[in-house]
Amino acid sequence: MIDWVERIQAYFDRGFYTQENVMRFVVLGKITAEEATQIVTKEETDGEFI
């Protein structure tokens, strides 16, 4: 079975997906809105959001 969150995260981190692409997976029902937010929001080690 495909782990959609892991796969989308990897593609997003490599720059293959934009934030809009990630949100499209929410519309398609592959991930939740909360999971999409976690993917596009990364926290630096010092606590600042990028």
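Each reported figure results from applying straightforward, stated rules to the coordinates on display, with no laboratory input. Keep in mind that this is a model prediction, so the values were computed, not measured. Because the Cβ atoms are built from the backbone with ideal geometry, glycine has one as well, and the counts that use them run over all protein chains shown.
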Inset, instruction - Mind listing the long-range amide H neighbours of ILE31? Cut-off is under 5 Å, sequence gap 5 or more, other chains count too, H placed in the peptide plane at 1.01 Å from N. - result: VAL26
Inset, instruction - Using amide H atoms built 1.01 Å from N in the peptide plane, name the residues 5+ places from TYR17, or on other chains, whose amide H lies under 5 Å from its own. - result: PHE12
Legend entry - Derived scalar couplings ³J(HN,Hα) [the stretch 28-37; Karplus, 6.51 cos²θ - 1.76 cosθ + 1.60; whole Hz; x for Gly, Pro]: 6, x, 7, 9, 8, 4, 5, 5, 4, 4
Legend entry - Virtual spin-label span in nm between ASN21 and ARG7, 7 Å along Cα→Cβ: 1.4
